[in-house]
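The values are calculated or read from the model by the stated rules, or taken from the named source; none is laboratory data. Please read these numbers as outputs of a predicted model, since none were measured by experiment. Here the Cβ is made from the backbone with ideal geometry for all residues, glycine too, and neighbour counts use every protein chain on show.
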Amino acid sequence: MNQFPAGFLWGTATAAHQVEGNNINSDNWLYEHVPGTIYAEPSGDACDHYHRYREDIALLAELGFNLYRFSIEWARVEPEPGEFSRASLEHYRRMLAACHEHGITPMVTFHHFTSPRWLIASGGWEDAATPDKFARYCEQATRYLGDLIGAAGTLNEANIARLIMKSGFLPPIEDVRRAPWWTATARALDVAPDRLSPFMFAASDQAVDVLLAAHRRSVEAIKSVAGNFPVGLTLALQDIQAGPDGEARAAQMRREIEDVFLEALRGDDFVGVQTYSRTRFGPDGPLPPEEGVELTQMGYEFWPEALEATIRHTAAVTGRPIIVTENGIGTMDDTRRIAYVKRALQGVVNCLKDGIDVRGYTYWSAMDNYEWMQGYRPTFGLIAVDRETQQRTVKPSAQWLGAIARANGF
Ligand code: BGC
């Protein structure tokens, strides 16, 4: 039996936009509805978690989990600049209280990809004024919610744009900016197309400065009003490997996609590691999946060993405690989910044996939800959600991982 340290956190995660439903004041809602959108379908009611959170949290506790990571939605909390919605904050207070009622530590993410439309209309994630705006929102929210927060992450995957762009998941930004959906969005927000800077596309050097400043200032703001819970940043970390003759390129990508961020986190309480697969680089760029390697629903390789590699890399660069804040697989075959998580957890065990301070493992995702541009097709959840009736169905993997959480070992 692989026993985990006492107090190890066993969690599942969601993000507001992907599960709440009708997040209509957010920028994403607009991207999903403009003519020519690259989003497969709109998010709509999502999992109606905004209304069903009580039952969902109770179910996660019943399964055996002791951590629930979810995000609060900036577009709801601050619908217009400087105008804070007490009713929305009250909603998140009720969610936090529900976690405590069920013995679950709530981990709050202050920003998970979506922003208020007004932020994007005023320069978004490349604008030097954004860090202060973000810090003000975090401060207000913490004032209202801080006594119930168990742990917090500021920005989810601050490096996601770098990862997407440099790993070839999306065309180069110059091409994106010419796409009809992009120009339609810019028109709707009354900004020039080259001034439109949604979070998922903020990959420039300037954006990296803005993102890291937003993290730093929000940590200060959160700590200035509540000092009793750990605060960190989460990053999208693939295991970056070198294919034939790809050493130099892989090293450069590791720096540009990961290390510029990791190095900035050396003063934080913890680092959130989020890993799904590996990416191999050749001398000219990313390589396609290797022949013979199984693919997930997302089209990338089934590669659970990536988690051990990214934990080791994060520990080496930052020296900070680590919480795995996301790891998971989109698959129709729940037996492959179990196989994936088992191998990923073996990696966590190997790291713990080597003295690396890993404090928790969070599976993405609690339930099948809105997978951004890919819509509802990919199914990452431990719990299935009927798109018509919203009925929840627990998958065998949920029972299996919940039992591990209860036993604190496997
Ligand atoms: C994100 C999630 C997303 C998941 C699976 C992560 O990059 O934080 O929002 O659903 O990966 O693709």
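Within the range 315-342, the set of residues being in a helix (DSSP H, G or I) and more than 16 Å from the ligand (Cβ to nearest atom) comprises A315, A316, V317, T318, D334, T335, I338, A339, K342.
Need a quick list: helices (runs of 4 or more DSSP H) entirely within the range 150-269 having at least 1 residues that are within 16 Å of the ligand (Cβ to nearest atom) and more than 28 Å from E301 (Cβ to Cβ). Spell out the reasoning first.
Details: elements: 160-166, 173-178, 180-189, 205-225, 247-253.
Ranges flagged: 205-225.
A single entry from Q399, Q390 fulfils the requirement of being away from the ligand (no atom under 15 Å from the Cβ), among the polar types (S, T, N, Q) and assigned to a loop (DSSP other than H, G, I, E, B): Q390. Screening the range 243-265 for residues that are of a type outside the set (D, E) and within 18 Å of the chain's Cα centre (by Cα) and picking the one that is surrounded by the fewest Cβ atoms within 10 Å (Cβ to Cβ) gives L262.
Residue-level analysis places I222 among those that are of a type in the set (V, I, T), within 11 Å of T154 (Cβ to Cβ) and buried (at least 24 other Cβ atoms within 10 Å of the Cβ). T14: modelled with pLDDT of 95 or more and either under 20 Å from A151 (Cβ atoms) or crowded, with 23+ Cβ neighbours inside 10 Å (or both), yes or no? Against the criterion (modelled with pLDDT of 95 or more and either under 20 Å from A151 (Cβ atoms) or crowded, with 23+ Cβ neighbours inside 10 Å (or both)), T14 qualifies. Within the range 380-408, residues that are more than 26 Å from F302 (Cβ to Cβ) sit with their Cβ atoms under 8 Å from residues that are surrounded by fewer than 13 Cβ atoms within 10 Å (Cβ to Cβ) and hydroxyl-bearing (S, T, Y), at 6+ positions apart or across chains, in these pairs: D386/T393. For the range 126-138, indicate whether the set of residues that are within 16 Å of the ligand (Cβ to nearest atom) and either part of a loop (DSSP other than H, G, I, E, B) or out of contact with any Ser or Thr (no Cβ under 6 Å at 6 or more places or on another chain) (or both) is non-empty. Looking for residues that are within 16 Å of the ligand (Cβ to nearest atom) and either part of a loop (DSSP other than H, G, I, E, B) or out of contact with any Ser or Thr (no Cβ under 6 Å at 6 or more places or on another chain) (or both), one finds none in the range 126-138, hence no. Can you find a residue in the range 112-123 that is among the hydroxyl-bearing types (S, T, Y) and within 16 Å of the ligand (Cβ to nearest atom)? Within the range 112-123, one or more residues are among the hydroxyl-bearing types (S, T, Y) and within 16 Å of the ligand (Cβ to nearest atom).
To keep it simple, each residue is scored yes or no on (1) crowded, with 17+ Cβ neighbours inside 10 Å; (2) on the phi < 0 side of the Ramachandran plot; (3) modelled with pLDDT under 95.
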{"residue": "R337", "(1), (2), (3)": "yes, yes, no"}
{"residue": "W364", "(1), (2), (3)": "yes, yes, no"}
{"residue": "G375", "(1), (2), (3)": "no, no, no"}
{"residue": "Q391", "(1), (2), (3)": "no, yes, no"}
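Of all the residues in the range 114-158, those that are within 28 Å of G11 (Cα to Cα) and of a type outside the set (A, V, I, L, M, F, W, C) number 16. Looking at this structure, is P172 free of Cβ contacts under 8 Å to residues at least 40 places away in the same chain and either surrounded by fewer than 16 Cβ atoms within 10 Å (Cβ to Cβ) or in contact with a Leu (Cβ under 9 Å, 6 or more places away or on another chain) (or both)? Criteria met by P172. Criterion applied to S197, S167, S122 was being farther than 22 Å from L265 by Cα, hydroxyl-bearing (S, T, Y) and in contact with a strand residue (DSSP E or B) (Cβ under 7 Å, 6 or more places away or on another chain), and the one residue passing it is S167. Within the range 98-119, being touching a strand residue (DSSP E or B) at 6+ places or on another chain (Cβ under 8 Å), among the hydrophobic types (A, V, I, L, M, F, W, C) and in a loop (DSSP other than H, G, I, E, B) holds for one residue alone: I104.
In the range 343-358, the count of residues that are in a loop (DSSP other than H, G, I, E, B) and more than 22 Å from F4 (Cβ to Cβ) is zero.
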